[in-house]
Amino acid sequence: MAAPKPIRRAWKFCPRCGTAVARTGRNPFRCGACGFSHYFAPVAAVGSILTDSAGQVLLLVRAKDPGKGLYGLPGGFVDAGETIEQALRREVLEEIGLQVRSHHYLASFPNEYAWNGFVLPVTDVFFVVEVESFADMRAVDGEITGWKFCRPGRRELNRMAFLSNRLALELYLQQTRAK
């Protein structure tokens with residue numbers, strides 16, 4: 001299978017007038033025939049760092065590519081018409097069946113999401129999240145095959161599906177050690 005390519009390289013025709021593009025991959029896309037312009041800006045996604053009462057971080061084992069079998073954090077893409085905070089609550093509920101009690105912003109990092117032969121630019125927004133209890137936690141939608149509570153070390157960090165998740169965890173660990 002060919003290496004994934006940036007989504008902007010997939011546009012071979014103007015979506016407004018159908019004119020063939022002389023050269024793909026430009027950002028912004030500009031049609032010389034009708035003047036249509038489109039910027040390939042990143043989409044937004046959320047990630048959450050949850051800890052148990054012993055301070056161990058919840059890592060999820062991804063069931064699907066990208067990153068099948070690697071660790072991830074509860075989270076996902078922000079839907080149209082949804083706030084970042086709504087997406088955070090929805091994703092935690094959808095993936096592990098838990099209600100978010102509170103959250104606070106940690107950081108954001110750029111990410112690339114390779115899917116179906118293309119790479120989508122993403123901005124991941126991370127929060128430290130509290131839930132009422134982990135008692136009812138379960139894999140809800142087939143996105144994960146399991147989970148692990150731990151104090152992430154080099155081994156876990158090296159098995160993160162996305163660099164942005166690793167960077168968020170490293171920042172969180174650095175901040176909690178400084179306290």
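None of the figures in this text is laboratory data; all of them are computed from the coordinates on show. None of these values were measured; they are calculated from a predicted model. Here the Cβ is made from the backbone with ideal geometry for all residues, glycine too, and neighbour counts use every protein chain on show.
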Worksheet, complete the sentence: residue 52: passes all of (1) surrounded by fewer than 19 Cβ atoms within 10 Å (Cβ to Cβ); (2) more than 19 Å from residue 104 (Cα to Cα) but (2)
Worksheet item: Taking only pairs six or more apart or across chains, which ones have beta-carbon atoms under 8 Å, a first residue in the range 27-48 that is of a type in the set (Val, Ile, Thr), and a second residue that is assigned to a loop (DSSP other than H, G, I, E, B)?
Response: 43/78; 46/78
Worksheet, complete the sentence: Of 166, 155, the only residue that is farther than 25 Å from residue 85 by Cβ and of a type in the set (D, E, K, R) is 155
Practice prompt. Find the residue count for the range 24-50, including only residues that are outside any strand (DSSP E or B) and under 30 Å from the mean Cα position of the chain (by Cα).
Written response: 10
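Test residue 132 against the stated conditions and say whether it is surrounded by fewer than 19 Cβ atoms within 10 Å (Cβ to Cβ), of a type outside the set (Val, Ile, Thr) and either touching a residue at least 60 places away in the same chain (Cβ under 8 Å) or under 24 Å from residue 171 (Cβ atoms) (or both). Spell out how you get there, then give the answer.
Values: surrounded by fewer than 19 Cβ atoms within 10 Å (Cβ to Cβ): yes; of a type outside the set (Val, Ile, Thr): yes; either touching a residue at least 60 places away in the same chain (Cβ under 8 Å) or under 24 Å from residue 171 (Cβ atoms) (or both): no.
So residue 132 does not fit the description; no.
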